[in-house]
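First up is the structure itself, then whatever we jot down about it.
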Amino acid sequence: MINTGKLAGRTLLITGASRGIGKAIALKCAKDGANIVVCAKTAEPHPKLPGTIYTAAEEIEKAGGKALPCIVDVRDEAQVRTAVSEAVSKFGGIDIVVNNASAISLTPTLGTEMKRYDLMHNINTRGTFLVSKECLPYLLKSNHAHILNISPPLNLNPKWFGPHVAYTMAKYGMSMCVLGMAQEFQDKNIAVNALWPRTAIQTAAIEMLTGAESAQWSRKPEIMADSAYAVLVKEPRLSTGKFLIDDEVLAEAGVKDMTQYACNPANADKLMPDFFLDGEEESKGGAIDAPASASSKGKIPQVFEKISTLLSEDIVTKTQAIYQFNIEGDEKGTWYLDLKNGVGSCGNGTPQHTPDATLTMKSQNFFDMFAGKLKPAPAFMSGKLKIAGDLQKAMKLEKLMKALKTKQ
């Protein structure tokens, strides 16, 4: 996506801009010579996450833009108002708001503490509303006013609610701001839209959720930056109230090759789908071959029989995890896989030791996963796999299946 210079001199206020998608959008717009108000909580280096508002500001200046780093917790009205005031004082106004700041906790109802519930709703829904509200007086004065929320299409498929209803409600709150504000300001020449990635985007957040291996099945943040840029350079009156998907936006803008955005181009057609988008989640790839004699009954016992012949101290050493599988559907039952003790063990029933991760899924999805037709990360993202316990250890299953494959 080639820069056009259309955002030169425009002022963008971007939340969550110290890293990830927010910073990528900031850098893309900075190449036009835009002014970027870098809003984020990270003023001091985080022990696990890269970047601060000041390092992001330095990168923006180097890219050709002007930067104003602001310490902003979007839950704090005073901090938001101070950032808006400083932005107007420095740059003369605000033209574009990108609500990117977000919190995530993929926990079921009983596993969601109310402080975590409040965090997600206060950052995602309330924070988006607050930032937009405080910027609106200045957007109304701009001749190129946009609000862009990094939030999904409103999809009422129950599969997006069941596994993590608290997060879904909080994220959909951002999208409802789009729905309402687009209607409210449709005659005020303010475009209000949502943008969402089709696939997982390799950021610190997704790595913390699914492990470093997720990069193999993710796209770079630059795809969101390029698609956001394509939306923000449009005349506001031409497109508002839209729930946009990154690669569809780019295809419409004339970008034909999406391979360039894959972290691993070899996996460009096997990417992990993001939440809230219905479609075919299964991807090709090999793990344990389906038993040749498998019939419609008794598939899962045969899978565990095969696993038992392939276990070794080496796999145990590399994995160090105990799994419990709660299988639903035609072959309902409980199974375990101990890859923490001795040379490993597996079988019917609960494990002898406390499991590190408990995985719940239908029997056909379980079989598909161990037959290589369904990868654990996409299964989890699509709601086909529910995980309690250590999520990163659960995601080691993909690596484990490849290791078992080589042992055959």
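Mind telling me which of E305, E213, E398 comes out most flexible in a GNM of the chain, alpha-carbon contacts under 10 Å?
E305
Can you tell me the relative contact order of segment 91-211? Whole percent, Cα pairs under 8 Å, sequence separation 6 or more. Before the final figure, lay out each step's value.
Numbers: 166 pairs, mean separation 39.2, N = 121.
Contact order relative to length: 32 percent.
Kindly flag which residue pairs out of K141/K220; K188/K242; K133/K159; K6/K141; K270/K340 have an alpha-carbon separation exceeding 24 Å in this structure.
Numbers: K141/K220 35 Å; K188/K242 16 Å; K133/K159 32 Å; K6/K141 18 Å; K270/K340 30 Å.
Result: K141/K220; K133/K159; K270/K340 exceed 24 Å.
Taking only the alpha carbons of segment 9-84, what extent do you get along each of the three principal axes, in Å, biggest first?
Answer, in whole Å and largest first: 30, 29, 16 Å.
Given that compact globular proteins tend to follow 2.2 N^0.38 Å, what is the ratio of the alpha-carbon Rg of segment 315-359 to that value? Write out the running numbers ahead of the final one.
Details: Rg = 10.6 Å, N = 45, 2.2 N^0.38 = 9.3 Å.
Its radius of gyration relative to the 2.2 N^0.38 Å reference: 1.13.
Net charge near T354, counting Lys/Arg +1 and Asp/Glu -1 over other residues with Cβ under 15 Å of its Cβ?
-1
Where both partners of a DSSP beta bridge lie in the chain, what percent of those bridges are antiparallel, to the nearest 5? Intermediate results must be reported in sequence, preceding the final value.
Working: 17 of 50 bridges.
If we restrict to bridges inside the chain, about 35 percent are antiparallel.
Going by average Cβ density within 10 Å per residue, which order do the peptides 105-111, 367-373, 3-9 take, highest to lowest?
Working: 105-111: 13.9, 367-373: 20.9, 3-9: 15.6.
The densest-packed peptide leads the list: 367-373, 3-9, 105-111.
Sorting check: for 390-396, 190-196, which peptide has the highest mean count of neighbouring beta carbons within 10 Å, and how do the rest follow?
Numbers: 390-396: 19.4, 190-196: 24.6.
Output ranking for 390-396, 190-196: 190-196, 390-396.
In square angstrom, what is the accessible area per residue of the chain with a 1.4 angstrom probe? Could the numbers behind the result be given before it?
On the way: 17760 Å² over 408 residues.
That works out to 44 Å² per residue.
In Å, what is the Rg of the alpha-carbon atoms in segment 96-217, and how long is Dmax?
Here Rg and the maximum Cα pair distance are 15.7, 48 Å.
In a GNM of the chain with a 10 Å cut-off on Cα contacts, which of T240, T125, T55 has the highest mean-square fluctuation?
Answer for the Gaussian network model of the chain: T55.
Between E305 and A268, what length comes free when the chain is fully extended (0.36 nm per residue of separation minus the Cα-Cα distance, one decimal in nm)? Could the numbers behind the result be given before it?
On the way: separation 37, 0.36 × 37 = 13.32 nm, distance 3.36 nm.
Value of the extension gain: 10.0 nm.
For the chain, what is the mean residue ellipticity at 222 nm derived from helices alone (per DSSP H run of n ≥ 4: -39500 (n - 2.57); sum divided by total residues; nearest 500 deg cm²/dmol)?
On the way: 14 runs with 150 residues, N = 408.
Result for the chain: -11000 deg cm²/dmol, rounded to the nearest 500.
Using all alpha carbons of segment 1-153, what is the percent of pairwise distances in each 5 Å bin, ordered from the shortest bin to the longest?
2, 10, 19, 22, 20, 13, 7, 4, 2, 1, 0
For the ranges 255-268, 29-42, what's the packing order if you count other beta-carbon atoms within 10 Å of each residue, average per peptide, and put the highest first?
Details: 255-268: 14.8, 29-42: 25.4.
Ranked by mean Cβ neighbours within 10 Å, highest first: 29-42, 255-268.
Based only on Cα atoms, what Rg/Rh ratio does the chain have, Rh being taken as Kirkwood's radius?
Values: Rg = 23.1 Å, Rh = 22.6 Å.
Rg divided by Rh gives 1.02.
Under a plain spin-label model, where a point goes 7 Å from the Cα along Cα-to-Cβ, how far apart in nm are T82 and R237?
So the label points at T82 and R237 sit 4.0 nm apart.
Whole percent per 10 Å bin, from 0 to the bin with the longest distance: what is P(r) over all C-alpha pairs of segment 224-272?
23, 50, 20, 6
The values are calculated or read from the model by the stated rules, or taken from the named source; none is laboratory data. Just so it is clear, the model here is predicted, and its values are computed rather than measured. Ideal geometry is used to build each Cβ from the backbone, glycine not excepted, and the neighbour counts take in all protein chains shown. Note: accessible area is taken over every heavy atom of the protein model, side chains too, but ligands, DNA and RNA are not part of it. Shrake-Rupley method; radii C 1.70, N 1.55, O 1.52, S 1.80 Å.
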